[in-house]
Structure formats: C-alpha cells, structure tokens
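The values are calculated or read from the model by the stated rules, or taken from the named source; none is laboratory data. Note that this is a predicted model, so its numbers are computed, not measured. Heads up, the Cβs are rebuilt from the backbone with ideal geometry, glycines too, and the neighbour counts pull from every protein chain shown.
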Amino acid sequence: MRLPSVTFRAFLLGSTLIFAVIEKIFPLYKGQLLFRREWQTDLVHFAVNHFIVGLALLTVNFAIHRLFGWLASDTIQNTVQSIPFLPQLLLCILCADLVQYCTHRAYHEIPFLWRFHAVHHSAKTMDWLAGSRQHMVELIITRVGVLGALYVLGFEKNVMDVYIVVVGFQAVFNHANVHLPWGPIKYVIVTPDFHHWHHSSDDAAIDKNYAAHFAFIDHILGTAVKGQTGFPEKYGVVGDYVPDGFTRQLMFPFRSRKDD
Ligand SMILES: [Zn+2]
Ligand SMILES: [Zn+2]
C-alpha cells in the first residue's frame, strides 16, 4: 500500500510525537517499545482509516443527508440549537455515545458482526496506534449511525466541529499506554484504564465497558467491569484466532469459520 502525501506524514509525525511523549511521561507498561509487535499492521490501519475511509466519509456525509433527512424535525432541531454551546456539546457527545454504545454492543453480541469487531480486539499490545486497528466496514457503519443521529437532532456546526476533535482524541488516547491518577472522574468519562479493560481477555471483562466517551453509561446500564483493581493480565481475542496483517484482517470476517 502506498502511504503518500506530505499531509499524511505530517499527521503521523504529529500523532507519534504527541502520544509517544505522553506515553513516555505517564507510562502504564514502562518497558513497552514504540515499535512493538504488529506495529506495521496497525500503521496500515491508521493510514487507511484516516485517509481512504476519510474520503469515503465525505460520500457518507452526503448520503446521511439523503438517508436521514426525512427524519429531521424543525421543532427538535430548533430546541437543540437554542441550547448554549457547552451543554449542547455535552448533549451531543452523550447522544453520540448512546448510539455508539448500541452499535458497539451489537458488534459484541451478534456473531456475524463480531467477526468485524474482532479485528479491533485482536491487538495484543495497547498503545495509541492500537486504536487504529478497526475493520473499515465497522468504521463506516458506526460513523453513519452516529453522524446520522447527530444530523437528525440538528446540533450546530461549531458543536459538531468540537465533537469531531473530542472523538478523534479519545479514540486514540483511550488505547494509549498511559496511566494517570484519575480519581472519581473515571466513573464519569472514559479513560485509558476503562477502555483497556474493554480489551482484556480476562473472563470478568468480556462484553463490558462499551462506552467511548462517558463511563457512567456502562455503570448505569450494568455493563461496567466491576471489582477489578490494577490492569488486565492479557489483551486480545480469547483463542487468538484473528490473523496478523492488514489484508488478512480485512478479509477475516468473510472467511469460513472452519478456517479459524
Ligand atoms: Zn469492543
Ligand atoms: Zn478499543
């Protein structure tokens, strides 16, 4: 795969610098290398998810207007737009996370969908780059669902712009090899600690901690990992049946289960 443009390299360099520095200053696993096992696979996912799928999302954004436009109500949109910026932003992130929670849970509970999501869970080392490992079908479906809901509700453009920054940051940061003393805030927002447990292959953590922004959603709905202290012993899919390599992971959901 070609990893071309100056923009891409600048973006990659910027992300590497920012998150590698954060991971260096506040490491969870101190000896973990920047170029750990399977980093090449995740780098290709990073490139594809940010650029090729980025282009696809322009088309998806257009389609969202066509698909969900009939659902939009002026009354609802005017009410949402009358809310001041900060509470409107919090409401926007909450709505996005509720849709994301539902799609994420469906990916775990419906066997055919799990085959797509298993790619994301196949990372055995957690760091900022591991979050990029996501099957493009899953990425597109989740984005269409979330952006479609936000479009129907009519959030203002400046709110959506900040939401995009928040979702981009948390998608990377929640996977980072980072440990900070979060205190009680860990029950409110999703931290790397919270999402690391989502990736754990420990029995107590399977199908738990679905939220991407607000941890209280899982605490309220009874799907938060409970009673776990410290950090997981092991990450990855139980049975470790997802292959390494971008192309093999892209094809994995379409392969016969006998091949696992
Ligand atoms: Zn998951
Ligand atoms: Zn994840």
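Need a quick list: helices (runs of 4 or more DSSP H) entirely within segment 91-179 having at least 1 residues that are under 22 Å from D218 (Cβ atoms) and among the acidic types (D, E).
Once the helices (runs of 4 or more DSSP H) in segment 91-179 are filtered for at least 1 residues that are under 22 Å from D218 (Cβ atoms) and among the acidic types (D, E), what remains is 136-153.
For segment 200-213, state whether one or more residues are within 16 Å of ligand 1 (Cβ to nearest atom), more than 20 Å from R105 (Cβ to Cβ) and not in a loop (DSSP other than H, G, I, E, B). No - not one qualifying residue is present in segment 200-213. Checking the stated criteria, D203 turns out not to satisfy the condition of being under 25 Å from A47 (Cβ atoms), away from ligand 2 (no atom under 16 Å from the Cβ) and of a type in the set (D, E). If you check D203, D218 for being more than 18 Å from Y29 (Cα to Cα) and modelled with pLDDT under 90, only one passes: D203.
When you scan segment 180-193, how many residues do you find that are in a loop (DSSP other than H, G, I, E, B) and either within 17 Å of the chain's Cα centre (by Cα) or within 16 Å of ligand 2 (Cβ to nearest atom) (or both)? Walk me through it before giving the result.
The initial filter retains those residues of segment 180-193 that are in a loop (DSSP other than H, G, I, E, B), namely 180-182, 188, 190-191.
If we keep only those that are either within 17 Å of the chain's Cα centre (by Cα) or within 16 Å of ligand 2 (Cβ to nearest atom) (or both) too, we end up with 190-191.
Of the residues in segment 180-193, 2 are in a loop (DSSP other than H, G, I, E, B) and either within 17 Å of the chain's Cα centre (by Cα) or within 16 Å of ligand 2 (Cβ to nearest atom) (or both).
The listed residues are F116, F112, F85, and the only one of them that is aromatic (F, W, Y), closer than 30 Å to F35 by Cβ and either out of contact with any Gly (no Cβ under 6 Å at 6 or more places or on another chain) or at pLDDT 90 or above (or both) turns out to be F116.
For the residues Y29, Y101, the requirement of being over 24 Å from L250 (Cβ atoms) and either crowded, with 16+ Cβ neighbours inside 10 Å or at pLDDT 85 or above (or both) singles out Y101. Count of segment 198-225 residues, restricted to those that are over 14 Å from the mean Cα position of the chain (by Cα) and on the phi < 0 side of the Ramachandran plot, is 17.
Please enumerate the residues belonging to segment 173-209 that are in contact (Cβ under 8 Å) with a residue 40 or more places away in the chain and surrounded by 15 or more Cβ atoms within 10 Å (Cβ to Cβ).
If we filter segment 173-209 for residues that are in contact (Cβ under 8 Å) with a residue 40 or more places away in the chain, which is where we start, we get 173-180, 192, 196, 199, 207.
Residues satisfying the conditions are F173, N174, H175, A176, N177, V178, H179, P192, H196, H199.
Could you tell me whether segment 98-118 includes any residue that is away from ligand 1 (no atom under 13 Å from the Cβ) and under 18 Å from the mean Cα position of the chain (by Cα)? Scanning segment 98-118 turns up at least one residue that is away from ligand 1 (no atom under 13 Å from the Cβ) and under 18 Å from the mean Cα position of the chain (by Cα).
Test P232 against the stated conditions and say whether it is away from ligand 2 (no atom under 14 Å from the Cβ), touching a helix residue (DSSP H, G or I) at 6+ places or on another chain (Cβ under 7 Å) and not aromatic (F, W, Y). So P232 fails the test. The one condition from (1) free of Cβ contacts under 8 Å to residues at least 40 places away in the same chain; (2) under 28 Å from A47 (Cα atoms); (3) not in a loop (DSSP other than H, G, I, E, B) that H219 does not meet is (2).
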